[in-house]
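> Before we start, here is the structure in question, set down as structure tokens.
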Amino acid sequence: MKKVLVVCGNGIASSSIMLAGLKDYLDEQGVKADLDKASLMDCTDDTFNSKDLIVSSTKLNRPGVKTPVIVGSALLTGIGEDEVLKQIKDELTK
């Protein structure tokens, strides 16, 4: 099972909203993933690199992070949400 880390500035509100929407979508699509959330500030490069995918509320500027990152702010705004969800599903089903 692939491991996904959903992150935002404080690891509370935005990441919780994104995680809930992502969980619902993946369940509907029959895609199994281990979802977790965290604060951007609390994560080390090792934390990020221990996951298969990172969904972040903002662009992640961490050169040491080798894990694919998808900016998931559309999961908060609804604008472009379908495209972001498809990117996430495509990454998880590779």
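The values are calculated or read from the model by the stated rules, or taken from the named source; none is laboratory data. Since the structure is predicted, the reported quantities are computational estimates derived from the model, not experimental observations. Positions of Cβ are backbone-derived with ideal geometry, glycine not excepted, and every protein chain shown enters the neighbour counts. Side chains included, ligands, DNA and RNA excluded: accessible areas come from the protein's heavy atoms. Shrake-Rupley method; radii C 1.70, N 1.55, O 1.52, S 1.80 Å.
> Which residues, taken from region 23-48, are free of Cβ contacts under 8 Å to residues at least 24 places away in the same chain and exposed (fewer than 14 other Cβ atoms within 10 Å of the Cβ)? If you could, list the steps in order and put the result at the bottom.
Taking region 23-48 as the starting set, the residues that turn out to be free of Cβ contacts under 8 Å to residues at least 24 places away in the same chain are 23-24, 27-28, 30, 44-46.
Selection gives ASP24, ASP27, GLU28, GLY30, THR44, ASP45, ASP46.
> When the residues of region 23-58 are filtered to those that are among the hydroxyl-bearing types (Ser, Thr, Tyr) and part of a helix (DSSP H, G or I), which remaining residue is nearest to VAL69 (Cα to Cα)? Walk me through it before giving the result.
Step one: filter region 23-58 for residues among the hydroxyl-bearing types (Ser, Thr, Tyr), giving 25, 39, 44, 47, 50, 56-58.
Then keep just the ones that are part of a helix (DSSP H, G or I); that gives 25, 47.
Numbers: TYR25: 18, THR47: 13 Å.
It comes out as THR47.
> Still on this structure, please answer the following. If you take the residues of region 59-75 that are assigned to a loop (DSSP other than H, G, I, E, B) and β-branched (Val, Ile, Thr), which of them is farthest from the chain's Cα centre (by Cα)? Give the steps one after another, and end with the answer.
First, the residues of region 59-75 that are assigned to a loop (DSSP other than H, G, I, E, B): 59-68, 72-73.
Narrowing the set further to residues that are β-branched (Val, Ile, Thr) leaves 65, 67.
Details: VAL65: 14, THR67: 11 Å.
So, considering only residues that are assigned to a loop (DSSP other than H, G, I, E, B) and β-branched (Val, Ile, Thr), the one farthest from the chain's Cα centre (by Cα) is VAL65.
> With the structure loaded, tell me whether ILE17 is assigned to a helix (DSSP H, G or I) and either within 14 Å of the chain's Cα centre (by Cα) or among the small types (Gly, Ala, Ser) (or both) or whether it fails that test. Break it down into steps so the answer makes sense when it comes.
On the way: assigned to a helix (DSSP H, G or I): yes; either within 14 Å of the chain's Cα centre (by Cα) or among the small types (Gly, Ala, Ser) (or both): yes.
Taking the combined requirement at face value, the residue satisfies it.
> Give all pairs with beta carbons closer than 6 Å in which a residue from region 79-91 that is at negative phi and of a type in the set (Lys, Arg) meets a residue that is assigned to a helix (DSSP H, G or I) and open to solvent by 60 Å² or more (accessible area, probe 1.4 Å); count only pairs at least 6 apart in sequence or on separate chains.
What qualifies is LYS89/GLN29.
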